[in-house]
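Read the figures in this text as sums done on the coordinates, not as results from a lab. In this text, all values refer to a predicted model and were calculated from it rather than measured experimentally. Cβ placement follows ideal geometry from the backbone for every residue including glycine, while neighbour counts extend to all protein chains displayed.
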Amino acid sequence: MSLVLFLHGEHFTAMGGPFLDRLGAGRELHAPLHPGYDGTAPDPGFRSVDDLAYRYLDLLEELDARDATLVGASLGGWIALEMAVRDRSRIARMALLAPVGVKLSGREERDFADLPFLPEAEAARALFHDPAGWAPDLAALDEAGVEALALERQWAAWYGWKPYMHNPVLAKWLHRAAVPTLLLWGGSDGFAAPDYGRRLAACLPDARFELVPGAGHYPHIERADATADAVLAFMENA
Amino acid sequence: MMQVWHFSEMAYHPGWEFLNEGLRNVIPSRVYDPEVGADLYHRYLDEWALCDRLGLNIMVNEHHATATCTTSVCTIPMAILARETRKARLLCLGMPIGNRMDAVRVAEEYAMLDVISRGRVEMGFVKGAPFEINPANSNPAELEERFWEAHDLIVKALTSHDGPFNWEGRHYHYREVNVWPRPWQQPHPPIWMTVASPGSAARIGRKGYVIAALNTGYIHTPVVYGAYRESAAEAGIAAGPDRFAYLCIIGVGETEAEGKRRAHQILDYSRTTPRVQPQFFYPPGYSPAGPTAAMIRSPDRFIQRRDGSSFLMQDGTVEDFMAAGVAFAGTPAQVIEQVEEFARAVGGFEHLLMMGQGGFISHEDTVANLTLFSEEALPAIRGM
């Protein structure tokens, strides 16, 4: 089986374990942490999703991947799209979990909720179907735990502050992302609404949209098994 | 010799009662009545103009999308006062250069002000409060870097007089930087910066600029001053007391009670500062992850008294703020004594930034506060 490259999202990186266990079982799985998220300080010149896309295209080349599967969550899905419009020669398929990155609405509408400036409880409701069950309890976490979340927020800002979580020109190049693509979307996603996902699917040359009930913006966290089932079935057939 | 600067935020306090949970960022401007606002602008400008006659200098600042401060463009009152005053030095503390997208325009504004005022401008560069990130939409995770690039560019723009130079930096791009007019003061107006942490104080110390500690009180002020002194010494800069400024609230009266009443009213400036929804206080990357995590866990703002105990910023009484070294209040003689004691305790400074107006204090009380201070306290404070 060809290798799988998992590109993580902007928040709650540490909670993706069970999904990655399923994804990696019997497969060559690579799940690198983005610079910054990996505990290093990125080079001052390394600060855009373009940089991340080229970094992972380099990685596919280093690994000599032939028909890689890109699985990307949110920010990671955006990175996958940026990779595919540049060079899809090593990419066989993409399973994208509520990817951001493409501006579809008008200048006075947001495609993505303004997470950094939402009250904590509201941000948790935007991100999770069941915030009480899944969102970290900030009052109960120890200092190191909250610090880890603060660092993820810092790197999300580093890569995606302005324009907010998107590349204004990506929409016009999506025709180049001509690989079989599964867009999986949590039915309760309040960060990037399912309707955004449906419109994004329509902009891609070969994409199918599928809802994951009972999940918010991170279906691989909240519904790890259902999400893994859908991704693995897609990999078998695409 | 101690210099004293009068500072006001030009608050729109008539709107405060309609804006309970927050006074910043998301508040609708329908609460603002332009007729009331015009009267307030003229009132505050009159109070600054009075300073010119009283021997006080003038300090302005800017904030955005807030009823606590309607100076949204700091160079506008500076421009009016550059012509309305003759002697007072004009400090802008400051210009949020990391949030201004056009750094050359900042150099032009300061240069023009410096010439019109015939060399009375003091040029403050500030990072800006955390809740300023939202209206500016500047990336908080790279604010520090943008701030220093803007600083480098503005200083070069003000000191280059042989035609244009090119700038292709990380954040600013100009084909031909060529600022006209050039400033009156050479090589450029004095530079001031505000500090909150020892780390930023150390960086400013290496430059030898004036640093201003804002309401940092007995406990924290010596920490930031100390970091500055140490790094200035390492850089071979003799950091005399004229490099240090301290912002506080001052209320003087004919009686102790009157002085405290005035300080109590002005202190609504401090009490309203934390009236903002918590998430605006910790934009991601604005501060290192440690302090940001502390804010996420507990967004309450506490002020430390000299004895180490603390109180909630929005609840402090005038006595609390006095015990912290944030407010000085009473008769002129009492205020002289309090300022002297504070300056001694924190290691000395020669710029007393006096908030002589704030909150609901009336124009009459403000004039009386500034006049009594300048007549009966200023001579002794100058000699400190």
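Annotations for the structure displayed:
- Shielding by partners for peptide A:44-50, expressed as the average number of C-beta atoms from other protein chains within 10 Å of each residue's C-beta, is 1.
- A Förster radius of 35 Å, combined with the Cβ-Cβ distance separating B:SER72 from B:GLU319, puts the computed FRET efficiency at roughly 0.55.
- Gain on full stretching of the segment that runs from A:ASN237 to A:VAL169 - 0.36 nm per residue minus C-alpha separation: 21.4 nm
- Environment charge of B:MET59, counting only residues whose C-beta is closer than 11 Å and scoring Lys/Arg +1, Asp/Glu -1: -1
- Debye intensity ratio in log₁₀ form over the Cα atoms of region B:3-382, taken at each q of 0.07, 0.08, 0.09 Å⁻¹: -0.29, -0.38, -0.49
- Prolate is the label for region B:246-384, because the ratio a/c of its alpha-carbon gyration tensor axes (a ≥ b ≥ c) is 1.5 or higher and a/b is greater than b/c.
- Alpha-carbon gyration tensor eigenvalues x 5, square-rooted, for region B:109-151, Å: 27, 11, 8
- Placing R0 at 25 angstrom, the Cβ-Cβ distance between B:THR255 and B:MET384 gives a FRET efficiency of 0.55 after rounding to 0.05.
- Region A:193-238: C-alpha gyration tensor shape, a/c 1.5 cut-off, then a/b vs b/c: oblate
- Overall shape of the protein assembly as shown was characterised from the C-alpha gyration tensor. The equivalent ellipsoid obtained from it has semi-axes of 52, 26, 22 Å, in decreasing order.
- For region A:4-237, fraction of C-alpha pairs farther apart than 30 Å, in %: 17 percent
- Highest-first arrangement of A:216-229, A:132-145, where packing means the average Cβ count within 10 Å: A:216-229, A:132-145
- The overall shape of region B:134-200, judged from the alpha-carbon gyration tensor, is oblate: a/c is not under 1.5, and a/b is no greater than b/c.
- Based on the reciprocal of the average 1/r between different C-alpha atoms, the Kirkwood radius for region A:61-173 equals 16.2 Å.
- Summarising the label geometry, the points placed 7 Å from Cα in the beta-carbon direction at B:THR159 and B:VAL26 lie 4.5 nm from one another.
- Compactness of region A:40-112, taken as the C-alpha radius of gyration over 2.2 N^0.38 Å, stands at 1.21.
- The angle separating the long axis of helix A:49-62 from the principal Cα axis of greatest extent in chain A is about 50 degrees.
- Counting only other chain Cβ atoms within 10 Å of each residue's Cβ, the peptide B:282-295 averages 6.
- Among beta bridges from DSSP that stay inside the protein assembly as shown, the antiparallel ones total about 10%.
- Crossing angle, helix A:75-86 versus chain A [Cα axis fit, 0-90 degrees, rounded to tens]: 30 degrees
- Tilt relative to chain A, helix A:143-160 - C-alpha long axis, 0 to 90 degrees, to 10: 50 degrees
- Local net charge near B:GLY316, Cβ-Cβ under 14 Å (Lys/Arg +1, Asp/Glu -1): +1
- For the peptide B:141-147, the mean number of other protein chain Cβ atoms found within 10 angstrom of a residue's Cβ is 3.
- Neighbour-count ranking [beta-carbon atoms within 10 angstrom, fewest first] of B:ARG175, B:ARG105, B:ARG89: B:ARG175, B:ARG105, B:ARG89
- Reference-scaled alpha-carbon Rg (2.2 N^0.38 Å with N residues) for region B:190-253: 1.10
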